[in-house]
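K.L.:
Pasting a structure below so you can have a look.
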Amino acid sequence: MDKYLVTGACGFTGSHTCDLLYERGIPFRATDIAGANRQWLPPDCEFVPADITNLAEVEPLMDGIDIVLHPAAIFDWSATEEQLNAVNVTGMENMCAAAKKAGIKRFVSWSTSGVYGNQQFDTLPICEDYPVKPIDKYSISKHKQDKIALRYCAEEGLPTTIIRPGIVYGPRAKYGAMQFFDTFAMLPVIPIPVNFDKYKLGTIHARDIGGAALFAATKPEAVGQIYGVVDNSDVTIAEFFRYIAAAMNKNTIPLYVPPKLSAKMGLVAATISELLAKHVTKKRPLLEKEPLRFFPTSLDISNRKIRDLGYEFEYPDVRIGVIETVDWMRDEGLMDVSIIDKLKSEFSPPAL
C-alpha cells in the first residue's frame with residue numbers, strides 16, 4: 001500500500017486530510033513546523049517536524065513516501081509578500097525538488113480559487129481553463145506555486161495535480177469563512193443582505209478538499225491537471241448567512257446594502273481596523289482589506305471536472321456542513337463569546 005506525506009498536517013485542511021487517511025487505514029507521515037500544535041492529529045500518528053523553506057529538512061521527509069499531499073502554506077491576508085513567498089513559493093520549490101529526487105509517484109498541491117481575482121466573466125461558472133488574474137498577495141503566491149507544480153510536471157517528469165478550492169469552511173477553522181461564523185455567534189440578530197442573492201460563494205468543506213486530493217492522487221488521468229473543488233450547493237452570500245443563522249437558532253433581519261457602496265465602506269473600515277491592530281492592539285485586525293477587494297464578484301466555480309473524474313462529495317450540501325460547524329463551535333465554547341468579551345480581548349494588553 002502506498003504511503004502518503006501530508007504537509008501542514010497540524011493546520012485546518014491538513015489535519016482533516018490526516019483524519020481521512022487514518023480512517024481509511026492508509027499509512028502516512030505528517031509534517032509541520034516543530035512548534036505546531038498537534039492536538040488535531042490522529043492518535044499515534046507518525047509526525048516528523050520540518051520547515052519546508054529549508055530544503056535540507058524537506059529531503060528526509062520523502063524517505064519511504066510514495067504520494068505527497070501538499071496543503072502547507074501561509075494563509076493570512078495580513079502576511080507580507082516576503083513571508084508568503086518564503087513558504088508558499090520557495091517551500092513549493094523545495095517540496096517539488098525533493099519529491100523529484102525521491103521518485104515520488106504523485107504530488108497533489110493545494111491552490112486557491114482566488115487566482116481568478118475579481119474578473120467579471122461573460123460565461124459562468126468559472127472553469128479551470130479560464131484566465132487567472134490574482135489581485136491579492138496570497139493568491140499571487142499561490143499562482144506562483146501552481147506554475148512551479150506545472151513546470152515540474154512538464155519539464156521534470158514529476159506527476160503533479162493541482163486542486164483549486166473555493167471558500168473553505170468546517171470544524172477547526174480559525175480564519176477565512178470562519179470569521180462569518182465567529183461574528184454571527186456574537187450577534188443577537190443576524191443581518192441578511194437580501195440583494196446579495198446573485199453573488200455565489202463557491203463553498204467547500206475542509207474534508208472534501210482532502211477527499212478530492214486523495215481521490216485525484218489515485219487517477220492517472222489527473223496528472224498535469226487542475227481541478228476546481230467546490231460543493232454542489234451553488235450557494236449565494238445571502239443564503240449562506242441564512243444557513244448559519246438557522247444553525248445558530250438566531251433571528252435574521254433583512255437589509256438592502258448597495259454592493260459597491262458596501263465594498264467602499266468595508267475598505268475604509270478595514271483600513272481603520274488594520275491601523276488599530278498595528279499601532280494599538282498589536283493583534284490581528286478584525287477587518288482586513290485584501291478579501292474585500294474581491295467584492296462585488298461572484299465566486300461561481302465549476303466542479304464539473306472533479307465530478308467527471310468520479311469524485312463524490314462527503315458534504316455536497318453546505319447546509320449539512322454549516323450545522324456540523326456550529327455544533328463544533330458549541331462544543332468548543334465559541335458560541336458563548338459576546339461582543340463585549342471580544343472588544344475586551346482585542347484591546348487588552350498583549351501577553352508578554
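The values are calculated or read from the model by the stated rules, or taken from the named source; none is laboratory data. Note that the coordinates shown come from a computational prediction; the quantities given were computed from them, not determined experimentally. Neighbour counts run over all protein chains shown; Cβ positions are idealised from the backbone, glycine included.
K.L.:
Scanning segment 165-223 for residues that are among the polar types (S, T, N, Q) and modelled with pLDDT under 95, which turns out nearest to P291 (Cα to Cα)? Walk me through it before giving the result.
P.N.:
In the first step, residues of segment 165-223 are kept if they are among the polar types (S, T, N, Q); the result is 179, 183, 195, 203, 218.
Narrowing the set further to residues that are modelled with pLDDT under 95 leaves 179, 183, 195.
Numbers: Q179: 12, T183: 16, N195: 20 Å.
Looking at the filtered set, the residue picked out is Q179.
K.L.:
If you check D122 against the conditions, is it under 20 Å from the mean Cα position of the chain (by Cα), at pLDDT below 95 and acidic (D, E)?
P.N.:
On the way: under 20 Å from the mean Cα position of the chain (by Cα): no; at pLDDT below 95: yes; acidic (D, E): yes.
For D122, the condition - under 20 Å from the mean Cα position of the chain (by Cα), at pLDDT below 95 and acidic (D, E) - is not met.
K.L.:
Run S109 past the list (1) in contact with a helix residue (DSSP H, G or I) (Cβ under 7 Å, 6 or more places away or on another chain); (2) at positive phi and report the number of the one that doesn't hold.
P.N.:
(2)
K.L.:
So if I check each of N303, N232, N251, which one is modelled with pLDDT of 90 or more, within 18 Å of the chain's Cα centre (by Cα) and surrounded by fewer than 15 Cβ atoms within 10 Å (Cβ to Cβ)? Steps first, answer last, please.
P.N.:
Details: N303 fails: surrounded by fewer than 15 Cβ atoms within 10 Å (Cβ to Cβ); N251 fails: within 18 Å of the chain's Cα centre (by Cα).
N232 is the lone residue from the list that is modelled with pLDDT of 90 or more, within 18 Å of the chain's Cα centre (by Cα) and surrounded by fewer than 15 Cβ atoms within 10 Å (Cβ to Cβ).
K.L.:
Only one residue in G176, G210 is among the small types (G, A, S), within 16 Å of the chain's Cα centre (by Cα) and farther than 30 Å from P27 by Cβ, so which one is that? Outline the logic, then answer.
P.N.:
On the way: G210 fails: farther than 30 Å from P27 by Cβ.
Residue meeting the stated conditions: G176.
K.L.:
Among (1) at positive phi; (2) over 20 Å from the mean Cα position of the chain (by Cα); (3) buried (at least 22 other Cβ atoms within 10 Å of the Cβ), which single condition is G224 missing?
P.N.:
Condition not satisfied by G224: (3).
K.L.:
Answer yes if at least one residue in segment 283-297 is closer than 18 Å to V229 by Cα and of a type in the set (A, V, I, L, M, F, W, C), and no otherwise.
P.N.:
No - not one qualifying residue is present in segment 283-297.
K.L.:
Name the residue, out of I320, I306, that is assigned to a helix (DSSP H, G or I), among the β-branched types (V, I, T), without any contact (Cβ under 8 Å) to a residue 24 or more places away in the chain and closer than 28 Å to A213 by Cα.
P.N.:
Working: I306 fails: without any contact (Cβ under 8 Å) to a residue 24 or more places away in the chain.
Exactly one of I320, I306 is assigned to a helix (DSSP H, G or I), among the β-branched types (V, I, T), without any contact (Cβ under 8 Å) to a residue 24 or more places away in the chain and closer than 28 Å to A213 by Cα, namely I320.
K.L.:
Could you tell me whether segment 42-64 includes any residue that is in contact with a Lys or Arg (Cβ under 6 Å, 6 or more places away or on another chain) and crowded, with 17+ Cβ neighbours inside 10 Å?
P.N.:
no
K.L.:
So, one more: Of the numbered conditions (1) over 19 Å from the mean Cα position of the chain (by Cα); (2) more than 30 Å from M1 (Cα to Cα), T183 fails exactly one; give the number of that condition.
P.N.:
Tallying (1) over 19 Å from the mean Cα position of the chain (by Cα); (2) more than 30 Å from M1 (Cα to Cα), T183 fails exactly one: (1).
K.L.:
If I filter segment 89-98 for residues that are more than 23 Å from K289 (Cα to Cα) and in contact (Cβ under 8 Å) with a residue 60 or more places away in the chain, do I get at least one hit? Walk me through how you get there before you give the answer.
P.N.:
Within segment 89-98, the subset more than 23 Å from K289 (Cα to Cα) is 90-98.
Now drop any that are not in contact (Cβ under 8 Å) with a residue 60 or more places away in the chain, which leaves 95-96.
Yes, segment 89-98 has at least one match.
K.L.:
From D44, D129, D63, which residue is at pLDDT below 95 and charged (D, E, K, R)?
P.N.:
Numbers: D129 fails: at pLDDT below 95; D63 fails: at pLDDT below 95.
Just a single option satisfies the conditions, and that option is D44.
K.L.:
Identify the single condition in (1) without any contact (Cβ under 8 Å) to a residue 24 or more places away in the chain; (2) farther than 20 Å from K101 by Cα that E57 does not satisfy, given that it satisfies every other one.
P.N.:
Every listed condition holds for E57 apart from (2).
K.L.:
Here's a check for you: in segment 99-114, which residue that is surrounded by fewer than 20 Cβ atoms within 10 Å (Cβ to Cβ) and either without any contact (Cβ under 8 Å) to a residue 24 or more places away in the chain or in contact with a strand residue (DSSP E or B) (Cβ under 8 Å, 6 or more places away or on another chain) (or both) is nearest to G202 (Cα to Cα)?
P.N.:
Ranking the candidates gives K105 first.
K.L.:
Moving to a separate point now. Looking at (1) modelled with pLDDT under 95; (2) touching a helix residue (DSSP H, G or I) at 6+ places or on another chain (Cβ under 9 Å), can you tell me which one V58 breaks?
P.N.:
Every condition holds for V58 apart from (1).
K.L.:
Still on this structure, please answer the following. Within segment 107-122, work out how many residues are out of contact with any Phe, Trp or Tyr (no Cβ under 9 Å at 6 or more places or on another chain) and farther than 30 Å from S15 by Cα.
P.N.:
Total meeting the criteria: 2.
K.L.:
Separate question: Name, by its number, the condition in (1) crowded, with 18+ Cβ neighbours inside 10 Å; (2) of a type outside the set (F, W, Y); (3) over 25 Å from K137 (Cβ atoms) that does not hold for E23.
P.N.:
With respect to (1) crowded, with 18+ Cβ neighbours inside 10 Å; (2) of a type outside the set (F, W, Y); (3) over 25 Å from K137 (Cβ atoms), E23 is out only on (1).
K.L.:
Can you tell me which residue is farthest from G170 (Cα to Cα) among those in segment 25-53 that are charged (D, E, K, R) and without any contact (Cβ under 8 Å) to a residue 24 or more places away in the chain? Please lay out each step first, then the result.
P.N.:
In the first step, residues of segment 25-53 are kept if they are charged (D, E, K, R); the result is 29, 32, 38, 44, 46, 51.
In the following step, the residues that additionally are without any contact (Cβ under 8 Å) to a residue 24 or more places away in the chain were identified as 44, 46, 51.
Values: D44: 24, E46: 24, D51: 26 Å.
Only one residue tops the list, namely D51.
K.L.:
Could you tell me which numbered condition K264 fails, if it satisfies all but one of (1) closer than 30 Å to G228 by Cα; (2) buried (at least 16 other Cβ atoms within 10 Å of the Cβ); (3) modelled with pLDDT under 80?
P.N.:
K264 satisfies every listed condition except (2).
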